[in-house]
1. Take the residues in the stretch 1-21 that are of a type in the set (Asp, Glu) and not in a loop (DSSP other than H, G, I, E, B), then tell me which one is farthest from ALA54 (Cα to Cα).
2. Restricting to the stretch 142-172, name every residue that is open to solvent by less than 30 Å² (accessible area, probe 1.4 Å) and charged (D, E, K, R).
3. As an exercise: evaluate LEU169 against (1) at pLDDT below 85; (2) under 20 Å from the mean Cα position of the chain (by Cα); (3) hydrophobic (A, V, I, L, M, F, W, C) and give the number of the one condition it does not meet.
4. Find the residue count for the stretch 16-45, including only residues that are within 14 Å of ARG170 (Cα to Cα) and open to solvent by 80 Å² or more (accessible area, probe 1.4 Å).
Amino acid sequence: MEINKKIEKAKKGDQIAFTFLLDHYWNEVYGFMLKRTENETDAEDIAIETFSKAFDKISTYNSEFQFNTWLIAIAKNVHIDLLRKKRSNLFVEITEEQDRQAQNIADTTPSAEDELITEQNLSRLLQFIKELKPHYQEVIHLRYFQELSYQEIATKIDEPISNVKIKLLRAKKLLAEIIQQKR
């Protein structure tokens, strides 16, 4: 029942509920896609895109179905889209309306977590960051060391803002796990 409460909170825009759902279902979605793609990078990219799409469309989720089933269906569609893109090697155009919506979602002000990360012992923190995968290192560096907004990061790495937010969330979670292990 706790999951249903978190889903309802997420539907109302609760970021803590989003984080809970991401943490709760990440391994299932990532593991499913890893078996399907046999490629860690593709599986991770698909999982990120899946959560991004799920959170953008969470208001359409029908509670008659299991949430993980809904996420896996989204992941399958993302994977199919990725395969089509690889085959056709075409770029997807973003409409002006989608771009405006993304800009309205963007939160460019640093959070309390942002402030804490920048206050950590820099040399030790850099060592921990180096243990992350390169694309996670990049978003951490752009956000916390270059202090770019989500929009600026999205532009720089040529990805939607929602993907940037998910990558940062995942990078911070992995970084926290590394720090915890080293204590």
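The values are calculated or read from the model by the stated rules, or taken from the named source; none is laboratory data. These numbers come from a predicted model, not from an experiment. Side chains are part of the model used for accessible areas, which takes the heavy atoms of the whole protein and leaves out ligands, DNA and RNA. Shrake-Rupley method; radii C 1.70, N 1.55, O 1.52, S 1.80 Å.
1. Restricting to residues being of a type in the set (Asp, Glu) and not in a loop (DSSP other than H, G, I, E, B), the top hit is GLU2.
2. ARG143, LYS167, ARG170 - these are the residues of the stretch 142-172 that are open to solvent by less than 30 Å² (accessible area, probe 1.4 Å) and charged (D, E, K, R).
3. Tallying (1) at pLDDT below 85; (2) under 20 Å from the mean Cα position of the chain (by Cα); (3) hydrophobic (A, V, I, L, M, F, W, C), LEU169 fails exactly one: (1).
4. Of the residues in the stretch 16-45, 3 are within 14 Å of ARG170 (Cα to Cα) and open to solvent by 80 Å² or more (accessible area, probe 1.4 Å).
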